[in-house]
Amino acid sequence: MVSMNETKAQQRDDVREVKVTLDATELQKALAETLTKYLQEHRRINSPTTERRIVGEDSKDDGLVKLYEWAKSAVNESVLGVPSTFHYIVDLIHEMPGLFYDPTQFFDVREIPEGSDSARWFIIPLTTYSETPEGSDVAEVSQTITSVSTTPIERSTRQVLKYSDLENATIDLIAGITRSMTLGALRDSFKRAVDTISQDSNISTIYGDGSVDSESEVTAEMKLSPSTLASARRRLMEGAGIDPGVEVAALISPKQYTDLLMHQEVKQLLSYGSDEPVKRGQIPTIYGIRLYPFDVPSGTGAGTPPATTYRAIVFHSPSNVIERPIGLAIKRKLLIENVRDVKKRQIDMVATYKDAVAVKDKKRVVRIITA
């Protein structure tokens, strides 16, 4: 009988006796090519690189996708005991600080081209006519073309992810933070736009129930009511010729929305076949005005203690984008940039955007300030 050790020794002897003839020239060439590719990849992975991604842009060379895949594979490889079939929990609940809407739903959104740092809208009034007697010259009329311009400002945020954060997480941190940055930018942009409009004192304003002339005179009893919305609708018709059939939107505070829900006139809608306010807490369109709850800016009214006031805005909201009275100028869409620094073993995620809002036609916007 031959022992196991003797068998292995015999196998090694057999291997040593095998003779192989290779073309050394071709082998050296292949090794050189392989070594070159390895060194290039080694330098790419082990040096800080900047990888960019514009949200919403599809590309096979998307830097964020590469970083995303790298991060997942890095965690799988570095965490002991994690099987190769490990998957991240992708579903994350993003905590919302308040309501917000898509700006393109209400505003005339315009992208500023390269070489320019501002946006401008031009407004021209309708031509006036007069009676012309037979044989006389036509009287000349003049028109004043006005313009409204705005210059975008940059807004930014930054998040640092350490390798240990990725190694210890059971959720997809990069995807979660990317979505958080995206939603945060949308809300930040929309709220800044609403704040700018609702604090413009040059816009026609209804204070309280219409019986006072300033915000400081608004008392706690002067809540938003259907009749106040009707007054705002009238101002739009008289000041800007807004047809009663044209849709008008209103951004109001949750408190103002609740006051309408509890208002007797709204409750009476049950008598006319609509039970939405009571069953679902949904108010149907009131006097052709569609309501959108939002955390509009607040102020201070009258009384002891002073009443908290809310600055709602009611505005023309046609489907024709050009006719919308509010313009949003975008110089830079949301840009999320990622830098991987191997020296610090971390990933820097920086998100920026540049935009600004302007009221193109103040006659088609009305403020309502109530308690």
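A simple spin-label model places pseudo-atoms 7 Å from Cα toward Cβ; at Thr104 and Glu265 they are separated by 3.6 nm.
Strictly over 24 Å apart at the Cα level, which of Lys333/Lys362; Lys191/Lys255; Lys255/Lys354 would you flag in this model? Table pairs above 24 Å Cα-Cα are Lys333/Lys362; Lys255/Lys354. For the stretch 149-297, the pair-distance distribution built from all alpha carbon pairs, in bins 10 Å wide starting at 0, is 8, 28, 27, 18, 12, 6, 0 percent. Here each label is just a point 7 Å from Cα along the line to Cβ, and for Ser180 and Asn168 those points are 1.5 nm apart. According to the Cα-based calculation, Rg over Rh for the stretch 118-228 is 1.26, with Rh computed by the Kirkwood formula.
Modelled label positions at Arg158 and Arg120, each set 7 Å beyond Cα in the direction of Cβ, lie 3.6 nm from each other. Net length available on complete extension from Gln282 to Asp213 is 21.7 nm, with 0.36 nm assigned per residue and the Cα-Cα distance removed.
Using alpha carbons only, the radius of gyration of the stretch 135-181 set against its Kirkwood radius gives Rg/Rh = 1.71.
Taken together, the values in this text are just the output of simple stated rules run on the coordinates, not laboratory data. This structure is a prediction, so every number in the text was calculated from the model and none was measured. Cβ sites come from the backbone with ideal geometry, for glycine too, and all protein chains shown count toward neighbours.
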